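Take a look at the structure below.
Every read-out reported here was derived from the displayed coordinates using simple, explicitly stated rules and does not represent laboratory data. This structure is a prediction, so every number in the text was calculated from the model and none was measured. FYI the Cβ positions are ideal-geometry reconstructions off the backbone, even for glycines, and counts take in every protein chain you see.
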Ligand SMILES: [Cu+2]
């Protein structure tokens, strides 16, 4: 019935509606555009290659977990230099404790993980930190963190250098 389409509208027209102040209405598109710009900037910085001293970081992301549970950080590290480099750990202004871990599947088929001292990034090659494998265990978040935000990690290399990388926090159900 076509009258079903206009009846609710007719009722709504009698409702009292409180409109926000006109200044807030006119500012809204500007705020929205700023947010879109920020999101575009964050998206581009998340996918951009970050290079320091021949070591570059790509696809850096974190799998978000709720309630202050440990989160895992993943990325690919390329080594454009002619010498092997080792990732030895990381620190973060966003997490009190960061450890380099490796996930393994035990003989019983259960998943385990262990702390590892270092991960090789071979000369001219790369190291991949990914679900089910090497990852950065991010523990004791210093503040509330939500999907869509960025967190910062300073990766430590065995020769004393460090590489600051921005990680995009993704929802818990994403695998890459
Ligand atoms: Cu772990």
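Remarks
- Percentage relative contact order, the range 50-170, counting C-alpha pairs under 8 Å, at least six apart: 33
- Distance between the modelled labels on residue 97 and residue 174, one decimal in nanometres: 2.7 nm (7 Å Cα→Cβ projection).
- Sorted by Cβ density within 10 Å, fewest first, the residues 118, 142: 142, 118
- Potential lengthening between residue 112 and residue 83 on full extension [0.36 nm per residue; Cα-Cα distance subtracted]: 7.3 nm
- Ranking of 170, 114 by count of other Cβ atoms within 10 Å, fewest first: 114, 170
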